[in-house]
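Below is one structure, written out as structure tokens; comments come after it.
Nothing in this text is a laboratory measurement; each read-out follows from the coordinates by a stated rule. Keep in mind it's a predicted model, so treat the numbers as computed, not measured. Cβ sites come from the backbone with ideal geometry, for glycine too, and all protein chains shown count toward neighbours.
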Amino acid sequence: MPLRSVMVVDDNTDMLHVYARVLAQEGFEVFTAATGNECLEQLATIHPEIFLMDVVLPDWNGIDLVREIKRRPELANSMFVLLSGLLTDSDHKIKGLEAGAMDYMARPIPNKELVAKVKSLINVMDYQDSLLELSKELDQRVTERTRELEETIATLQREIENRTKLEQQFRQAQKMEAVGTLAGGIAHDFNNILQIISGNAYFRSRKDSARGEHSPEIDQIQEAVERGANLTQGLLAFSRKQTLNMHHLDLNKLISQSVKLGRRLVEESVSISAELCSDTLVVMADAGLIQQVFFNLITNARDAMKSSGTITVRTSLEIIEDTVEHFCLALPGPPPPGNYAVIRVTDTAGGIPKEIIEHIFDPFFTTKENGKGTGLGLAMIHGTVVQHQGFILVYIVADVGTTFCIYLPHYADVDARDHVPVCMDVATENSEKHTILVVEDDKNVRDLAEMALSNSGYRVMSAESGKRAVELFRNHHDTISLILIDVVMPEMNGQEAVQRIREINPDIPCMFMSGYGADISNLHDGPEYTAVMRKPFNLSDLLVKINDILELAPPPRNR
């Protein structure tokens, strides 16, 4: 440990030497000066901790010298004891203490008392140093704790934000689930009602045509049925309860044909260009629903551009290995890693305003005028994509345009089937050779289907329940060519009934009728000739589809 230093300033040489000797014997490093100026000169190279200073010096007043020395930053913490044998009155003592001296001692001073005073000051300095170190340590701890607290607060804020976001997503999911449950609850019955209206309008139209007449009222009925069906389908779409008719399909082929059809949706002033990748993009999807997603994106881009512009459609194969850093709207968290087939639809409408971007997928949210939109378009897209295990990314460039990116899981090394929706003419030349079992719990819908099939030459058997259908098929399996069956029925639903029927004949063609969100993709593990008609459907479309299936399927006797 280094020696503690003391500076003695006194013009009395004898006293100076005595003090120096006594302090040196006690182990202090001692410096001496006979005048104030001599003291100041030495302070250029030394920094004593204790000053013993005579008040009366030949060139300085000791009190003024204390003030001068304490102005120096390197000596600001040094301690001073003023010594005087003459100026010992209270006024001088007060002035000395006010100048910064720790004590003002009157001579003569016993050596032991002087040493004790110096040692006590050293102890005070040690305590001050300890307090200073402790203060620094406490400051450091406070700084560290403050930083930790700030980090903890920031973490808590992030967690609160994440929790708030999750709670919002949960409430949104609950709302969607509630609306979905409501939509699903009414969809089946409502679509059956629409089916009855549509079917009777169909037969009335055929009667009018046979008489060479045409009723505009029938057209209005069919248009109203179509609007009602679209509304119900929209509710089921955004609540993710649509009926899915899933197949492995070539996405490029679907988009290529959809682009051709999409050009009919835009004015001549709006151009649509397609840039399809060279990769084979196989996805597991419902071709009709994915095509509807595409058409909705085209329609939204058209409406956003208003008068003119360019819509660019691109496809690509992308690999996601980690969190996507872009603005992700249709997914509450980062998308799962994997290979994705991507559809990009870019417009030149100037971008979506920031104030509405968070709401564009909300059901019934629209910026269009009253009567010009239901606000279900993007909500339907969102629901359909998520129901296909995909997600949506949205890129917005202010004053330029918006790109919607649809990501669907890619299936490598899988052959795609041709399930691109096409329009066909009804062809029922061989209908009299076939018997169709109609299974529907709603009598009016069942009667309409029977009438349409009978009028087209088919032999028809009917059942009001899944259980009755199984019994009829067990007794007539060698004559029945196709099962036309509703999905949602009491006691035994359509899927269960078909599973029982296919235990008797695994190859029997089946066509499901559904007004509710049933996923029948698991039944495609059987024969290829399984299809779905979403209620309400046009009876002529039903006949087209039945004829198409029966042309592919072997006759009953060969099964």
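Descriptive notes on the structure:
- The simple spin-label model puts a point 7 Å past each Cα toward its Cβ; for Ile186 and Arg107 those points are separated by 11.0 nm.
- Each of Val498, Val259 was scored by other Cβ atoms within 10 Å of its Cβ. Listed from fewest to most, they are Val259, Val498.
- Backbone geometry of region 473-484 corresponds, through the Karplus equation with coefficients 6.51, -1.76 and 1.60 at θ = phi - 60°, to 3J(HN,Hα) couplings of 5, 4, 8, 10, 5, 7, 10, 7, 9, 7, 9, 9 Hz, x marking Gly and Pro.
- Taking the fewest neighbouring Cβ atoms within 10 Å as the starting point, the ordered list for Val386, Val8 is Val386, Val8.
- Each of Ser271, Ser205, Ser258 has some number of other Cβ atoms within 10 Å of its Cβ, and from fewest to most they run Ser271, Ser205, Ser258.
- Applying 1/(1 + (r/R0)^6) with R0 = 30 Å to the Cβ-Cβ distance of Glu217 and Lys260 gives a FRET efficiency near 0.35.
- Each residue, Phe203 and Arg67, gets one label point 7 Å from its Cα in the Cβ direction; the gap between the two is 12.0 nm.
- The separation of region 246-287 from region 63-137, counted between C-alpha centres, amounts to 93 Å.
- Each residue of region 492-501 is assigned a 3J(HN,Hα), and the resulting list reads 10, 6, x, 5, 5, 5, 5, 4, 5, 5 Hz, derived from the Karplus form 6.51 cos²θ - 1.76 cosθ + 1.60 (θ = phi - 60°), x at Gly and Pro.
- Cα-centre dipole for region 435-552 with unit charges at Cβ (Lys and Arg positive, Asp and Glu negative), debye to 20: 180 debye
- Rounded to whole numbers, the Karplus 3J(HN,Hα) couplings from phi for region 91-103 are 4, 5, 4, 5, 4, x, 5, 5, 6, x, 6, 7, 7 Hz, using 6.51 cos²θ - 1.76 cosθ + 1.60 with θ = phi - 60°, and x at Gly and Pro.
- Among 68-74, 133-139, the order from most to least packed when residues are scored by Cβ within 10 Å on average: 68-74, 133-139
- As a calculated quantity, the FRET efficiency between Leu317 and Lys467 at R0 = 45 Å, using C-beta atoms, amounts to about 0.45.
- Between Ile352 and Ser271, the C-beta separation translates, for a Förster distance of 25 Å, into a calculated FRET efficiency of about 0.75.
- Where labels lie 7 Å past Cα in the beta-carbon direction, separation of Thr152 and Leu3 in nm: 5.1 nm
- Residues whose placed amide H lies under 5 Å from that of Val439, excluding near-sequence neighbours: Ala463, Leu484, Ile485, Asp486
- For Gly515, residues with placed amide H under 5 Å, excluding near neighbours: Val487, Val488, Lys535
- Interchain or long-range residues, amide H under 5 Å from Phe31's placed H: Val6, Met7, Val8
- Charged neighbours of Glu268, selected by a Cβ distance under 15 Å, balance to +3 (K, R count +1; D, E count -1).
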